[in-house]
Amino acid sequence: MLKKLLWLLLFLAWAGTASAEISRVGATGAQFLKIGVGSKYQGMGDAAVAVANDVYSMYWNPAGLVGVEYSQVSFTNVNYVLDIDLNHFALAKYFEDVGVFGVTATMLSMDEQEITTFEEQDGTGDFYSAASYTVGVSYARQLTDRFAFGATAKYVGERIHKENAHGFAFDFGTLLFTGFRSLRLGMSISNMGPKMQFSGPDLEVSYDPLQGQGTNHAIGAAVKTTSYDLPMTFRVGLAYDLKFGSRSLMILAAEVTHPNDQSQQGSLGAQWGWDDKFFLRGGYKLNYDEQSLSLGGGLATPLSDNTTLHVDYAWQDYGRLDYTHRFSVGFSF
């Protein structure tokens, strides 16, 4: 059973990325799906597929949800480039002898901008906005003491002024505890789904095939937009723990990412934790156009006997696009 699941995931990844040998930058839409969530993992350079073991696993590797022991809830805000904001909410709960279920919602938004035309290049006085969002449901289960499997189904939508596009996508992931000390292997494939296409009232036009030369009336028509693929991504990575005494733990992680619209990329990350309360993180991305260094930190503090507050921050260098700040707040209870 385990071998079949592993081979299925590898086959899906090969099928989805076989065409990505040549970079296809700009060939997919819904790019917000590539913005990671969970400041803990951004601080580690996004090397998360074998590390994620909390509510944020629904983004990186749904199999990691098996690390949720009771219940977790979290909220992340990303102050992205060009005054774009991304907000993410996630909730997960463990059910004994069944597995872990989770729900997640993400919204990318921007401020209104004035509409300009060729005739009115200083602005028409009308404004437009754009937004992208996704809502998902996840499930993960520990199939054996060494192997976990997880999946997510999600609804994806995008809006530009009055035009909309929507569709469904699926994520699958596995987490293998190799048996060699703490070494673990994670694999996931994200955003598998059909193409999406914009439609809306601003694309409706009147068409006169005779261009006023006949007696016929113009007929209703619509401008057909080109459909676009989702940014499907395959991840595979390793993670290993190093203990320094009874209270100090270092996590080392490495990951290779294969998107269907870009050449292969890599990430290296590390987290040092003291007494499971204080955390420092660092990471570096390889073969990215602008992204490189990441730094971050976190705090986990008990609020009561059964509730713990988690606060995380990450800073990521975006080269010519400056840098981003990411904040996450969550509770385990």
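The values are calculated or read from the model by the stated rules, or taken from the named source; none is laboratory data. Quick caveat, the model's predicted, so the values are computed rather than measured. With ideal geometry, Cβ positions are generated from the backbone for all residues, glycine too; neighbour counts draw on all protein chains shown.
General observations
- Looking at PHE198, PHE234, PHE170, just one residue is under 21 Å from the mean Cα position of the chain (by Cα), under 19 Å from TYR133 (Cβ atoms) and surrounded by 10 or more Cβ atoms within 10 Å (Cβ to Cβ), and that residue is PHE170.
- Within segment 250-279, the residues that satisfy the criterion of being more than 16 Å from ALA52 (Cα to Cα), surrounded by fewer than 19 Cβ atoms within 10 Å (Cβ to Cβ) and not aromatic (Phe, Trp, Tyr) are SER263, GLN264, GLY266, ASP275, LYS277.
- Selection status of TYR240, part of a loop (DSSP other than H, G, I, E, B) and either without any contact (Cβ under 8 Å) to a residue 60 or more places away in the chain or assigned by TED's automatic domain parsing to the domain that holds MET44 (or both): no
- Checked against (1) under 30 Å from LYS195 (Cβ atoms); (2) modelled with pLDDT of 95 or more, GLN291 passes all but a single condition, namely (2).
- Qualifying residue in segment 131-146 (condition: without any contact (Cβ under 8 Å) to a residue 24 or more places away in the chain, closer than 25 Å to ASP54 by Cβ and part of a strand (DSSP E or B)): no
- Taken over segment 239-249, the criterion of being crowded, with 18+ Cβ neighbours inside 10 Å and in contact with an Asp or Glu (Cβ under 8 Å, 6 or more places away or on another chain) is satisfied by LEU249 alone.
- Sub-8 Å Cβ pairs linking a first residue in segment 243-256 that is over 12 Å from GLN271 (Cα atoms) to a second residue that is of a type in the set (Lys, Arg), at least 6 apart or interchain, are GLU255/ARG235; VAL256/ARG235, ordered by first then second residue.
- Test set (1) free of Cβ contacts under 8 Å to residues at least 24 places away in the same chain; (2) surrounded by 15 or more Cβ atoms within 10 Å (Cβ to Cβ) - GLU96 fails condition number: (2)
- Of the residues examined, GLN316 is not one that is surrounded by 15 or more Cβ atoms within 10 Å (Cβ to Cβ), in contact with a helix residue (DSSP H, G or I) (Cβ under 8 Å, 6 or more places away or on another chain) and either outside any strand (DSSP E or B) or at pLDDT 95 or above (or both).
- Within segment 59-77, if we keep just the residues that are over 14 Å from ARG235 (Cβ atoms) and crowded, with 24+ Cβ neighbours inside 10 Å, the residue that is modelled with the lowest pLDDT turns out to be THR76.
- Inter-residue pairs, beta-carbon under 8 Å, first in contact (Cβ under 8 Å) with a residue 40 or more places away in the chain and of a type in the set (Asp, Glu) and in segment 312-326, second surrounded by fewer than 18 Cβ atoms within 10 Å (Cβ to Cβ) and assigned to a helix (DSSP H, G or I), 6+ apart: ASP322/VAL81
- Qualifying residue in segment 191-209 (condition: farther than 21 Å from THR225 by Cα, in contact with a Lys or Arg (Cβ under 8 Å, 6 or more places away or on another chain) and outside any strand (DSSP E or B)): no
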